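One structure is given below, encoded as structure tokens.
Readers should treat all values here as calculations from the given coordinates under stated rules, not as data from a laboratory. Here the structure is a predicted model, which means the values were calculated and not measured. Cβ coordinates were reconstructed from backbone atoms using ideal geometry, including for glycine residues, and neighbour counts include every protein chain displayed.
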Amino acid sequence: MSNQAENLTTQMADSTAAEQRETNNEKRVHALVLTGFGINCEEELAAAYRLAGGEATIVHFNQVLNGETSIHDYDVLNFPGGFSFGDDLGSGVVMANKVRFRKLPSGRTLLEEIGAFIKAGGYVVGICNGFQMLVKMGLLPDFAGQQEREVTLTHNASGRYEDRWVRLAVNPNNRSPFLKGLTSLEVPVRHGEGRLVIRDEAIRSRILAEGLNCLTYCDSTGCETAEYPLNPNGAELNCAGLTDTTGHVFGLMPHPEAFLSLYNHPDWARRKRLDPTLSEEGDGLKLFRNIVEHISQRREPHPPAPSPKERGSLTHWTSNEFVEAGQVTAQGYVFTTDAERWKTSKGFARENRQNPTPAEDHLWQELRNSKLGAKFRRQHAISQFIVDFVSIADKLVIEVDGSVHNQPEQAEYDGGRTYELEQIGYRVLRFSNEQVLNDTESVLATIRQHVQPTETATPNS
């Protein structure tokens with residue numbers, strides 16, 4: 001082979017490898033980590049995402065405030081720990097006010113941008129000083145949806161700065177994907193103002209009733225405790241962490257990013273001698289693996305799944321039989337997939353129904369109970385696909401798409417999926433998350449054009 005040919009081959013190989021790296025990078029979960037003004041835990045937090053398989057970008061707060069960096073280009077927005085503005089006016093107060101009142105070049109405040117980011121399916125996490133910021137922005141727990149301060153974090157009951165390791169119990173009813181599958185963890189605290197104080201009894205009751213008190217200080221047996229120093233700050237509800245009602249905003253006082261490796265723990269040597277099989281990963285890394293895995297799974301194409309109400313149907317289908325069967329009901333059940341597909345993939349539909357995106361949930365509230373005069377089902381299996389919403393009587397499928405659907409590979413999959421559904425008699429309408437959340441009336445008007453209202457439509461649940 002000539003030198004010219006060898007060079008061309010090498011260039012082609014390098015180009016292919018670069019394209020593959022770019023594609024892989026696009027598929028990764030991207031975390032934006034803010035720093036500046038006294039924040040000092042940004043490197044550890046970025047390392048947590050990278051170790052968990054994601055990508056992390058550290059930017060100065062001013063880059064966001066000046067419009068140089070958009071939070072909407074990322075999957076997770078992170079407010080790390082530290083001592084922003086020296087905590088001179090109270091922990092997190094000055095930074096929270098910048099977020100609440102400083103206008104961006106867009107004319108909106110960063111708090112308004114964060115609200116849109118959450119509605120579009122983004123995640124926000126604040127650790128220690130970051131948690132204090134989220135509380136004082138009014139993002140946690142935010143029952144009223146008006147970003148009003150319903151709780152605060154103030155001086156520790158001990159009257160001193162607390163720097164120690166604590167054990168946490170995970171609320172089994174919590175809503176955060178960061179905590180999926182976890183029951184307890186051990187992490188350090190480093191704060192002077194970590195005591196949660198709740199505005200009134202009504203807020204307190206709702207936090208408990210809705211499982212938003214996602215992390216509590218506990219003893220070595222896993223029992224929640226108010227005893228000092230196991231509860232290092234005297235927080236109400238023994239609270240170490242909160243989520244909002246969507247599960248997309250998560251704040252905690254302890255530092256999971258400070259326990260990414262077993263060797264971060266002061267007692268690692270003794271523990272490793274006692275149990276040589278002990279994992280070398282720290283408890284804190286589990287939270288970041290969880291969120292990276294959760295977001296990655298949400299980006300995957302919809303897997304095949306069963307029909308609602310946990311029922312299968314015929315064992316073999318032709319296209320004509322399928323179209324006919326789509327009209328068949330029996331005791332309220334609609335048979336639109338076969339028994340084998342239902343058997344192998346029933347968990348996916350259930351998972352999708354239990355964990356809708358904000359846009360899917362918003363549209364469902366407008367479609368459910370036959371509000372448009374037509375009965376819609378959500379996360380319903382048709383052949384090998386799960387569709388977001390379907391009116392069987394109108395043969396109408398509605399899909400709500402996040403930004404991942406703009407990627408060439410996903411767009412190609414979507415095109416094939418639409419073709420297959422059309423081949424068996426369905427019309428497919430697609431709307432973006434932004435359309436559903438920001439232009440709901442136009443979306444509903446389009447849907448109305450494709451449904452035939454009926455007085456006999458059965459309320460959907």
Sketch the reach of a paramagnetic label on residue 165 as a point 7 Å from Cα along Cα-to-Cβ, and name the residues of the stretch 233-257 whose backbone nitrogen lies under 15 Å away.
255-257
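Quick one: compute the contact order of the stretch 156-223, relative version, from alpha carbon pairs under 8 angstrom and 6+ residues apart, as a percent.
After rounding, I find 48 percent.
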Here the FRET efficiency for residue 97 versus residue 261, based on Cβ atoms and R0 = 60 Å and rounded to 0.05, is 0.95
Using R₀ = 56 Å, calculate the FRET efficiency as 1/(1 + (r/R₀)^6) where r is the Cβ-Cβ separation of residue 146 and residue 220; round to 0.05.
0.85
Chain lengthening between residue 419 and residue 227 when straightened (0.36 nm per residue, less Cα-Cα):
62.9 nm
When the chain is fully extended, how far beyond the present Cα-Cα distance does residue 407 get from residue 116, taking 0.36 nm per residue of separation?
102.6 nm
Exposure proxy check: 413, 49 ranked by fewest other beta carbons within 10 Å?
413, 49
Grab the eigenvalues of the alpha-carbon gyration tensor for the stretch 28-298, scale each by 5, take roots, and send me the semi-axes largest first in whole angstrom.
27, 22, 18
Distance (nanometres) between label positions extended 7 Å along Cα→Cβ at residue 199 and residue 439
3.5
Please go through the residue pairs 119/375; 180/395; 98/286 and name each one whose alpha carbons sit more than 28 Å apart in this structure.
180/395; 98/286
Per-residue HN-Hα couplings for the stretch 364-378 [Karplus 6.51, -1.76, 1.60; θ = phi - 60°; Hz; x = Gly/Pro]
4, 5, 8, 9, 5, 6, 6, 5, 9, x, 10, 7, 10, 10, 10
Would you grab the residues whose amide H sits under 5 Å from the one on residue 79? Only those 5+ places off in sequence or on another chain, please, with H modelled 1.01 Å from N.
125, 126, 127
